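Presented below is the structure to which this report refers.
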Amino acid sequence: MDRRIDPPGLTAGVLGVGLLNTAVVNAFPFLAGTLMDRAGMSSAGVGLLISMELLVSAVVALALSAPGLRLSPSLCGLAACAAFAAGNLLAMQADGAVLAAARCLAGAGGGLGLAAAGRAIAHASSPARLAATVALVLAGLGGVIALITGWLVAHHGYPGGAFFLAAIAVIGAPLTTFLPHSASIARTPFRAPGGAIQWPAALPLAIATGLAFLASGAIWSYCERIGLTVGLSSHAVTFAIGLTALAGVAGGAAAMVVANAERSFLAAGIGVAVFGASATALALAGEPYGYVLALTSLSFAFIFVWPFLLASAVEIDPSGGLASAAFGAQMLAGAFAPFLGGVLLLSGSFRSLAMFAGCGTVAALVCIAMSYRALRKRDSAFDAR
């Protein structure tokens with residue numbers, strides 16, 4: 001068990017770029033709601049707009065995860081904050097094609113940030129512990145971001161929410177200077193036979209990540225709508241989302257404890273199962289108490305599972321490229337989740353979303369098992385040499 005302590009600057013740098021994704025995840029339900037209520041956009045139209053931004057993020061993150069690519073996490077992180085801030089400032093008073101272009105620019109910034117985080121985490125002595133520490137801090141900040149975004153959107157509409165996102169990027173920019181400036185990896189992996197990505201293990205893990213966040217993201221994107229459906233007021237929904245997001249703090253704390261056991265694949269499987277079950281329960285919520293309980297469990301599982309998916313990725317590929325690809329897979333799922341959720345709502349009901357989440361979660365668990373089996377097979381072959 002590796003008990004070495006990573007430099008505080010590494011944690012701060014990953015936190016800086018992590019703010020971008022945290023801001024997007026916690027702000028989108030409110031931004032989507034105000035575009036439907038004040039701009040007259042349909043659920044499918046709003047979902048398509050969000051999907052475009054997240055798709056750009058995914059493409060950028062995946063492109064920068066290519067094996068052998070030497071990438072400076074610090075420069076990448078700084079560029080991420082600049083693009084994210086510029087896109088949101090441009091989106092404040094835009095509409096139509098200009099709004100779409102602005103959101104895509106912000107999405108490119110988000111993708112750069114994900115790539116920087118994935119590469120930087122690979123420099124940690126314990127990727128799971130570093131990711132859990134960052135997740136714990138971001139969980140607390142996520143609740144605050146949700147509350148502030150909800151208040152700004154209620155009083156200033158979409159421009160208020162977009163300006164707040166830009167401000168978050170400005171705050172995160174100085175922290176990116178603490179990220180590694182070199183593309184070299186400070187830690188020596190215990191096992192990296194041949195130094196190449198092991199695709200039989202890597203591909204299922206990337207697919208599992210995408211499926212887990214696709215299944216749950218389709219429901220999370222419309223959690224505000226679900227809250228209104230169960231009888232809560234818009235202010236009560238804002239308070240519920242912001243307050244239950246703080247449950248992620250407990251998820252981050254639990255991840256820090258479990259990270260010491262260094263059983264990343266097992267923890268990832270448990271986390272995905274709870275994540276999917278919580279999303280399914282949220283879609284099926286019929287009264288306020290059930291809605292709040294499902295939101296609480298979802299927030300806990302979202303923060304808990306992510307460090308172990310990343311740690312599993314680094315175990316397969318110590319360069320950090322697969323960790324960046326895992327971020328990309330998450331955003332790729334996020335790109336399709338809002339649009340898919342909107343289409344399912346137009347053609348069915350929240351029950352349709354629940355069925356989709358359940359099936360997607362089961363498929364993700366199967367892929368995690370396949371990845372673990374392939375990795376153990378690789379290690380056994382390496383030991384036999």
Can you name the number of the only condition in (1) at pLDDT 80 or above; (2) open to solvent by less than 10 Å² (accessible area, probe 1.4 Å); (3) within 25 Å of Gly242 (Cα to Cα) that Gly77 fails?
(3)
For Leu365, only one of the following conditions fails: (1) of a type outside the set (S, T, N, Q); (2) at pLDDT 85 or above; (3) touching a Ser or Thr at 6+ places or on another chain (Cβ under 9 Å); (4) open to solvent by 40 Å² or more (accessible area, probe 1.4 Å). What is its number?
(3)
Determine, yes or no, whether Leu309 is modelled with pLDDT of 85 or more, of a type outside the set (Val, Ile, Thr), part of a helix (DSSP H, G or I) and within 27 Å of Ser352 (Cβ to Cβ).
yes
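Looking for whichever is among the aliphatic types (A, V, I, L, M) and at pLDDT below 90 here; the options are Val153, Val170. Which one fits? Spell out how you get there, then give the answer.
Numbers: Val170 fails: at pLDDT below 90.
Criteria check complete, one pass: Val153.
Among the residues of the stretch 90-99, which ones are open to solvent by less than 50 Å² (accessible area, probe 1.4 Å) and under 23 Å from Cys76 (Cα atoms)?
So in the stretch 90-99, the residues open to solvent by less than 50 Å² (accessible area, probe 1.4 Å) come out as 91-92, 94, 99.
Selection gives Ala91 alone.
Condition (residue is in a helix (DSSP H, G or I), closer than 20 Å to Ala173 by Cα, modelled with pLDDT of 80 or more and open to solvent by 10 Å² or more (accessible area, probe 1.4 Å)) applied to the stretch 42-51: is it met by at least one residue? Spell out the reasoning first.
To start, the set of residues in the stretch 42-51 that are in a helix (DSSP H, G or I) comprises 43-51.
Those left that are additionally closer than 20 Å to Ala173 by Cα: none.
Checking the stretch 42-51: not a single residue is in a helix (DSSP H, G or I), closer than 20 Å to Ala173 by Cα, modelled with pLDDT of 80 or more and open to solvent by 10 Å² or more (accessible area, probe 1.4 Å).
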Here are some conditions: (1) open to solvent by 10 Å² or more (accessible area, probe 1.4 Å); (2) in contact (Cβ under 8 Å) with a residue 60 or more places away in the chain; (3) within 19 Å of Ser297 (Cα to Cα). Ala254 meets all but one. Which one does it not meet?
(2)
Which of the residues that make up the stretch 211-236 are buried (at least 21 other Cβ atoms within 10 Å of the Cβ) and within 13 Å of Gly290 (Cα to Cα)?
Cys223, Ile226, Gly227
Set Ala294, Ala285, Ala329: member being out of contact with any strand residue (DSSP E or B) (no Cβ under 7 Å at 6 or more places or on another chain) and farther than 17 Å from Leu353 by Cβ
Ala329
Helices (runs of 4 or more DSSP H) wholly in the stretch 204-299 with at least 3 residues that are at pLDDT 85 or above and either under 18 Å from Met331 (Cβ atoms) or within 18 Å of the chain's Cα centre (by Cα) (or both) - which ones?
247-259, 264-283
Sort through Ala94, Ala101, Ala66 and tell me the only one that's farther than 20 Å from Phe327 by Cβ and at pLDDT below 85.
Ala94
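Going by the conditions given, is Gly87 open to solvent by less than 30 Å² (accessible area, probe 1.4 Å), touching a residue at least 12 places away in the same chain (Cβ under 8 Å) and under 16 Å from the mean Cα position of the chain (by Cα)? Steps first, please.
Values: open to solvent by less than 30 Å² (accessible area, probe 1.4 Å): yes; touching a residue at least 12 places away in the same chain (Cβ under 8 Å): yes; under 16 Å from the mean Cα position of the chain (by Cα): no.
Here the answer is no, as Gly87 does not meet what is asked.
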Among the numbered criteria (1) closer than 22 Å to Met92 by Cβ; (2) touching a helix residue (DSSP H, G or I) at 6+ places or on another chain (Cβ under 8 Å); (3) open to solvent by less than 40 Å² (accessible area, probe 1.4 Å); (4) in contact (Cβ under 8 Å) with a residue 24 or more places away in the chain, which single criterion is violated by Ile171?
(3)
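Condition check ((1) touching a Cys at 6+ places or on another chain (Cβ under 9 Å); (2) within 24 Å of Pro73 (Cα to Cα); (3) open to solvent by 10 Å² or more (accessible area, probe 1.4 Å); (4) in contact (Cβ under 8 Å) with a residue 40 or more places away in the chain) across all residues:
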| position | (1), (2), (3), (4) |
| --- | --- |
| Ile303 | no, yes, yes, yes |
| Pro307 | no, yes, no, yes |
| Leu310 | no, yes, no, yes |
| Ala313 | no, yes, no, yes |
| Ala326 | no, yes, no, yes |
| Leu340 | no, no, yes, yes |
| Leu353 | no, no, no, yes |
| Met370 | no, no, yes, yes |
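What residue, of Ala79, Ala94, is of a type in the set (A, V, I, L, M) and touching a residue at least 24 places away in the same chain (Cβ under 8 Å)? Before the answer, list the steps.
Values: Ala94 fails: touching a residue at least 24 places away in the same chain (Cβ under 8 Å).
Going through Ala79, Ala94 in turn, the sole match is Ala79.
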Go over the candidates Ser216, Ser233, Ser278, Ser264 one by one and state the one that is polar (S, T, N, Q) and without any contact (Cβ under 8 Å) to a residue 12 or more places away in the chain.
Ser233
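The values are calculated or read from the model by the stated rules, or taken from the named source; none is laboratory data. What you see is a predicted model, and the numbers here were worked out from it, not measured in a lab. Backbone-built Cβ (ideal geometry, glycine too); neighbour counts: all protein chains shown. SASA here: full protein model, heavy atoms, side chains in, ligands and nucleic acids out. Shrake-Rupley method; radii C 1.70, N 1.55, O 1.52, S 1.80 Å.
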